[in-house]
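What follows is a single structure, written as structure tokens, with notes after it.
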Amino acid sequence: QVQLVESGGGLVQAGGSLILSCAASRNIFRINDMGWYRQPPGKQRELVAAITSGGTTNYSDSVKGRFTISRDNAKNTVSLQMNSLKPEDTAVYYCKASVKLTLLTAYHDYWGQGTQVTVSS
């Protein structure tokens, strides 16, 4: 079983910055897409940013120009640099990875436990 361990959430004032990190807990054969999702209070989980193994990125319109996703394939980690934070960015943030545990297994999606980001006005 794979665990994705997130870190870096917290409380920040509007206009501030945070960096979220996510690391896989065991040796993995290969990771395909990785991404960050968020779930604001009372709302559904939504995609924030995603990155392929080759480095192609995709962002939701609400964070374009403010957030940057990156990954380290050697360390099986993914990060989210969040700048110019707004109160509407307040949510629980989850990382997700599409993981192939061994050469013979299929890709399977794994989720982190979530980290709270609160932006005060």
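Would you mention how many residues in the stretch 1-38 are in a strand (DSSP E or B), in contact with a helix residue (DSSP H, G or I) (Cβ under 9 Å, 6 or more places away or on another chain) and either exposed (fewer than 15 other Cβ atoms within 10 Å of the Cβ) or of a type in the set (G, A, S) (or both)?
0
In the set G114, G54, G65, which member is of a type outside the set (S, T, Y), open to solvent by 40 Å² or more (accessible area, probe 1.4 Å) and at positive phi? Break it down stepwise before answering.
On the way: G114 fails: open to solvent by 40 Å² or more (accessible area, probe 1.4 Å); G54 fails: at positive phi.
When all the criteria are applied, what remains is G65.
Which residues, taken from the stretch 4-37, are under 15 Å from V78 (Cα atoms), polar (S, T, N, Q) and touching a residue at least 24 places away in the same chain (Cβ under 8 Å)?
S7, S21, N32
Restricting attention to the stretch 5-18, which residues are within 12 Å of Y93 (Cβ to Cβ) and touching a strand residue (DSSP E or B) at 6+ places or on another chain (Cβ under 6 Å)?
Correct list: E6, S7, G8, G9, L18.
Could you give every pair whose Cβ atoms fall below 9 Å, whose first residue belongs to the stretch 63-79 and is within 11 Å of A24 (Cα to Cα), and whose second residue is basic (K, R) and buried (at least 21 other Cβ atoms within 10 Å of the Cβ), counting only separations of at least 6 or pairs across chains?
T77/R71; V78/R71
Yes/no per residue for (1) surrounded by fewer than 19 Cβ atoms within 10 Å (Cβ to Cβ); (2) assigned to a loop (DSSP other than H, G, I, E, B):
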| position | (1), (2) |
| --- | --- |
| R71 | no, no |
| L80 | no, no |
| A97 | no, no |
| T102 | yes, yes |
| D109 | yes, no |
| T118 | yes, no |
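How many residues, within the stretch 46-58, are within 14 Å of C95 (Cα to Cα) and not in a loop (DSSP other than H, G, I, E, B)?
So the answer is 6.
The values are calculated or read from the model by the stated rules, or taken from the named source; none is laboratory data. Quick caveat: nothing in here was measured; it's all calculated off a predicted structure. A quick note on method: Cβ atoms are made from the backbone with ideal geometry, for glycine too, and the neighbour counts reach across all protein chains shown. The area values use the complete protein model at the heavy-atom level, side chains included, leaving out ligands, DNA and RNA. Shrake-Rupley method; radii C 1.70, N 1.55, O 1.52, S 1.80 Å.
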